[in-house]
Amino acid sequence: MDCRSAAHALSQIATLLELHDEDAAAVKAMQVAARITAALGERPLGEALKHELNPRDWPHPDLLSPEALAVLHELADHNSSTVLERLQEETPEGLMEMLRVPGLGPARIRSIHDGLHIDTLLELEQAAREGKLASLPKFGARTADKVLKGIADLRATGAYVLWQHGRAEAERVAEALRIQPDVLQLEIAGSIRRRNEIVRDVDLVAAVRGSPSIVAATLAQLRGVKEVLGGGGRTLQLRLDNGVRVDLACVRPEQFALALWRGTGSALHVKQVTERAASLGYTLTNDELRDADGALVAIPSEAALYEQLGMAFVPPEQREAAGEVEAAVADVLPALLEEHELRGALHCHSQYSDGAATIEQMARAAHARGLRYLGVSDHSQSNTYAGGLSRDRILEQHAEIDALNVAFAQEGLDFRVLKGIEADILPCGRMDYDAGFLDRFDFVIGSVHTRYGMNAEQMTNRVLKALDDPHLTILGHPTGRLLLTREPYAIHLDAILEKAARVGVAIELNADPHRLDIDWRACRIAAEKGAMVSIGPDAHSPQGFDNLELGVAVARKGWLRASNVLNTRSAAEVMAFAAARRAGAIGTAAGTVAGTAAARSGAALLRVI
Ligand SMILES: [Zn+2]
Ligand SMILES: [Zn+2]
């Protein structure tokens, strides 16, 4: 378990304690522990706990209560917490549901429960409509309206989970089904296959022999199944304990490719392709494609379907009805980025700040994944909660990197560590450290880590000002969002992307599955404006490089090709990109040539669309 997931468990405990009207100090202790643990990010919890009271690992170990520490140890050892499980059991399900209504905190839910004896979401909705909610102390008509809107939102969005958690669930279910002798082939489809940043259901498509009901029965008995929602015959819908919905479709082997394509969606993409089929005289129904004479057309693969319809193959990530159907018909889909095209990575943390591993360990892990350089970018001096580096520590780190590069060369290893920094963009828009000191780095990432509450004007000006600093190479996680946890801060992203393209600053696609920032939709806009994108793993441990896989998938979803991505270039080219900017030579080969090419291809695509 990583620290951020542990923090989530701690904050759930805090919420439930508050809901149960437990001692305020106990609630506070869990909230504080959640904050401290969250600051450790993606680090494996077990590793962080090895030196539990070492202030270098835990920013404020003295603030961790014994109860919180016990929860953390249990989470590290068993991936679960008995305290949390007990609280969940003791809480009526309706109240747990109410906690998911935006704007309803535990204190409010308790007063609703105590004052109106409401136990379910339905009763809550009724009470809000009938004006009973507004009559409670500290509630009013506006709160009641907000609650109604919150319930509507909740119905619309359901229980979303992060892509990585959805995929883990999907794989667990898929594994259990694949060993069934009647299952010949089984694939994960739907939004997980399309690499959406958050997902709320697991779609599975299985080619089965014999009776699909036996396969369905196996699924219904799986550990972690809460309820069977429906289905029968060839389909089954059920809900898992964690709220994730699973949809299984069982088909005959010869129908599999078409069923997988349909199950992958998106619904709009499927609709557009079906219309394309109709325009050519075909009939595309649930399981089959028939030509104008009514003869069955065999579809042995998804590629065969697109080919039959006179279209280029559309990769699953791109099936979002965002112009890909027209582009596939015109055969002008871009050649999307492939993971092997990444030559390096430019965002990771070491033990110098809040990372779990040494620079050498991180470098060797990056090399083992086929990368040829790694930009180390620990936190800067103002970022005290994440162990930001003083100037002296930076100088030590640079000496270590120099020595490491010499050692790698002597070893004959084709690998280089670059000196970077994730410098805070201060509230005034200045970069942490002065210009003279920033000159020491090979490249500089600038990130907003404080004062998220600024309004859009203030935040946009803050970041625009940072873009004026010629030391800035990459704008880190440009919206600050944490998926399902924290909204992006208010900012006029278009203005930022435009200026970044103009001045030669790359925009980060932070590949941390909690962030995926910038969003794939904005990736496409960035490329169209001619800005470079840097796919940053933001790795805090060697396992953190796994983030690159999702980062590449999301870049593909945003229509990026290798030429749009800074870290498909060599280390020397990346350094030249940074140096050109610093020298004020904006518009040199490193900055604009690729940008113009990207803008050109973007413009071409826009014409098609
Ligand atoms: Zn950051
Ligand atoms: Zn970072």
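The values are calculated or read from the model by the stated rules, or taken from the named source; none is laboratory data. Because the structure is predicted, anything quoted here is derived from the model rather than measured. All Cβ positions, even for glycine, are placed from backbone atoms using ideal geometry, and neighbour counts span all protein chains on display.
Here are some notes:
- When segment 280-321 is limited to residues that are in contact (Cβ under 8 Å) with a residue 12 or more places away in the chain, small (Gly, Ala, Ser) and in a loop (DSSP other than H, G, I, E, B), the one that is farthest from Arg521 (Cα to Cα) turns out to be Ala298.
- Search result, residues across segment 353-384 that are in contact with a strand residue (DSSP E or B) (Cβ under 9 Å, 6 or more places away or on another chain), in a helix (DSSP H, G or I) and under 17 Å from Gly41 (Cβ atoms): Met362, Ala365
- Filter pass, Glu549 being touching a residue at least 60 places away in the same chain (Cβ under 8 Å) and within 16 Å of ligand 2 (Cβ to nearest atom): no
- Taking the conditions (1) modelled with pLDDT of 85 or more; (2) of a type in the set (A, V, I, L, M); (3) over 27 Å from the mean Cα position of the chain (by Cα) in turn, Ile192 satisfies each one other than (3).
- Residues of segment 123-137 satisfying the condition of being touching a residue at least 24 places away in the same chain (Cβ under 8 Å) and within 37 Å of the chain's Cα centre (by Cα): Glu123, Leu124, Glu125
- Options Val376, Val444; residue that is within 16 Å of ligand 1 (Cβ to nearest atom), in contact with a Leu (Cβ under 6 Å, 6 or more places away or on another chain) and hydrophobic (A, V, I, L, M, F, W, C): Val444
Table: residues versus (1) surrounded by fewer than 19 Cβ atoms within 10 Å (Cβ to Cβ); (2) within 14 Å of ligand 2 (Cβ to nearest atom); (3) without any contact (Cβ under 8 Å) to a residue 24 or more places away in the chain.
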residue	(1), (2), (3)
Val463	no, no, no
Gly476	no, yes, no
Arg486	yes, no, no
Glu498	yes, no, no
Ile507	no, no, no
Asn510	no, yes, no
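- Taken over segment 80-114, the residue count meeting the criterion of being of a type in the set (S, T, N, Q) and touching a residue at least 60 places away in the same chain (Cβ under 8 Å) is 3.
- Residue satisfying all of: in segment 428-461; over 28 Å from Ala579 (Cβ atoms) and small (Gly, Ala, Ser); surrounded by the most Cβ atoms within 10 Å (Cβ to Cβ) among these: Ala456
- Residues of segment 87-122 that are part of a helix (DSSP H, G or I) and at pLDDT 85 or above: Leu87, Pro106, Ala107, Arg108, Ile109, Arg110, Ser111, Ile112, His113, Asp114, Gly115, Leu116.
- Condition check for Ala277: assigned to a helix (DSSP H, G or I) and free of Cβ contacts under 8 Å to residues at least 12 places away in the same chain: no
Residues are listed down the side, and each one gets a yes or a no for (1) of a type in the set (Ser, Thr, Tyr); (2) under 13 Å from the mean Cα position of the chain (by Cα):
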position: Ala506; (1), (2): no, no
position: Leu516; (1), (2): no, yes
position: Cys523; (1), (2): no, no
position: Gly530; (1), (2): no, no
position: Gly536; (1), (2): no, yes
position: Ser563; (1), (2): yes, no
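- Scanning segment 368-385 for residues that are under 24 Å from Asp414 (Cβ atoms) and either within 16 Å of ligand 2 (Cβ to nearest atom) or free of Cβ contacts under 8 Å to residues at least 12 places away in the same chain (or both) yields Ala368, Leu374, Gly375, Val376, Ser377.
- Within segment 217-253, the only residue that satisfies the criterion of being part of a loop (DSSP other than H, G, I, E, B) and either β-branched (Val, Ile, Thr) or not assigned by TED's automatic domain parsing to the domain that holds Asp201 (or both) is Val244.
- Screening Ala495 against (1) outside any strand (DSSP E or B); (2) within 16 Å of ligand 1 (Cβ to nearest atom) leaves a single unmet condition, (2).
- Residue pairs whose Cβ atoms lie under 7 Å apart, sitting 6 or more positions apart in sequence or on different chains, and linking a residue in segment 352-367 that is more than 18 Å from Glu422 (Cα to Cα) to a partner that is part of a helix (DSSP H, G or I), are Glu360/Leu404; Gln361/Pro542; Ala365/Pro542; Ala365/Phe545; Ala366/Phe545.
- Neighbours by Cβ (under 9 Å, 6+ apart or cross-chain): first from segment 179-193, over 16 Å from Val244 (Cα atoms); second aromatic (Phe, Trp, Tyr): Leu184/Phe256; Gln185/Phe256; Glu187/Phe256
- Among (1) crowded, with 17+ Cβ neighbours inside 10 Å; (2) in the same structural domain as Thr473 (by TED's automatic domain parsing); (3) in a helix (DSSP H, G or I), the one test that Ala327 misses: (2)
- Filter result for Ser541 (at pLDDT below 95, in contact with a strand residue (DSSP E or B) (Cβ under 8 Å, 6 or more places away or on another chain) and not basic (Lys, Arg)): yes
- Among residues of segment 124-145, those that are of a type in the set (Asp, Glu) and either within 18 Å of Pro102 (Cβ to Cβ) or in contact with a Leu (Cβ under 8 Å, 6 or more places away or on another chain) (or both), counted: 2
- Leading residue by the ranking (nearest to Leu438 (Cα to Cα)) among those in segment 465-474 that are away from ligand 2 (no atom under 16 Å from the Cβ) and not in a helix (DSSP H, G or I): His471
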